[in-house]
Every structure is written in structure tokens, then in C-alpha cells.
Amino acid sequence: GERRGCPVSGRGLFLVGLSHRSAPIEVRERVVLTGDDLKGALQELVQGRGVDEALVISTCNRVEVIVEGDVESLKDFLLQQERKDFFVHDGIGALRHLFSLASGIDSMIVGEDQIIGQLKKTLADAQEAGTSSSFLEHCINKALHVGIEVRKRTQINRGAVSVGSAAVQLAEAEIGSLE
């Protein structure tokens, strides 16, 4: 049988995407989804493609699709969209990646806090589009909990928490006060 979140015969929990670690900004800019485009892409993805439920994390640093369903159907969909520079995580690997992301470990600036709000928005967008499930909602909520707990216990976010603030700190270190 199929265990929830563990792929059996190509079905289960999958995370497919690209990020600042896997693709240059020119590639990421072409696949960013917002507003009606995001809602439309989510609804198209779950209509007759072997994907039961889907969420999309779409930021300037990443576009990642979390699905419950058939990974081959998802790969075919992405290839039809001429999107080929993507990575795939399945089952526990998908959850591990999601938790790393929520914790700020996989961010361009390690420990940045913006991802927490972005994951909340990801869930709200999928709920609005009607493409989320209680299982995927549970995964996102657990990731949020992990991300917040990691910040409390490790203070991973005590330094620069955005590219902008890191740039200001570097400029001040190089040329002195910016006043």
C-alpha cells in the first residue's frame, strides 16, 4: 500500500524546484509566479495531471512546487513549460528540504526571516486556489513550527537577515559609517 508522504510506484510527497543554488537569476526570473498566474498554474497542475494537491513557493530566490501525487506527471508538466533546470526531492527528502528552508538554512542569507511569511503566503495561495490538502497544510505548518523553533534555540537570525542589510553591513565595514 501507499504510506502518506512516502512514494510508492511514483506517487507520494514531492518537492520540485529551482533556487539560487541550482539556477542563475535569469532562469529564476522566467519562472516566478505571482497573483493570477500563480493561481492558474496551481489549478492547471492539479487538473488531470496525476497531481492531487499542490503548493508553490515563489520568491526572488526560488520557485518550488510541493505536490502530493505522481512525480512523473509533474516532471512532464514542467518540461512542457520548458522548465528543465529543476531538482527533485521525494518523501522524507522533501520534508527535510522544506524544514531546512523554513529554518533559514537554505536561504541566500542564512537565517533570514522572510521565508516564514513566504511559507504562510504559499499556504494561503494554495488554499485560495483550492489546491491544498490537509496533508500539505500539515507539512507547511510543521515547517513553520520548525523554522520558528530553530530561530529560538540557535539565534540563526541574529546577524544580517536580508541581502540589503548584509550589503549595508559590508559597506560600513569597508568605508566606515554611512551617516
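The values are calculated or read from the model by the stated rules, or taken from the named source; none is laboratory data. All values derive from a computational prediction rather than experimental measurement. Protein only, heavy atoms only, side chains kept; ligands, DNA and RNA dropped before computing areas. Shrake-Rupley method; radii C 1.70, N 1.55, O 1.52, S 1.80 Å.
Annotations
- Using C-alpha pairs below 8 Å separated by at least 6 residues, the relative contact order for region 39-98 is 24 percent.
- Heavy atoms of His89: accessible area, 1.4 Å probe, square angstrom to 10: 60 Å²
- If the segment from Cys60 to Ala173 were pulled out straight at 0.36 nm per residue, it would be longer than the present Cα-Cα gap by 38.0 nm.
- Surface accessible to a 1.4 Å probe, Cys60 within the full protein complex, Å²: 100 Å²
- Rounded if a/c under 1.5, otherwise prolate or oblate - region 87-147, Cα gyration tensor axes: oblate
- Hits among lysines - C-alpha to C-alpha of Lys39 under 29 Å, sequence gap 8 or more where chains match: Lys75, Lys84, Lys120, Lys121, Lys142
- One chain, two ends: Ser133 and Asp52. Fully extended at 0.36 nm per residue, the span grows by 28.3 nm beyond their Cα-Cα distance.
- Residues Leu38, Leu79 ordered from highest to lowest accessible area at a 1.4 Å probe: Leu79, Leu38.
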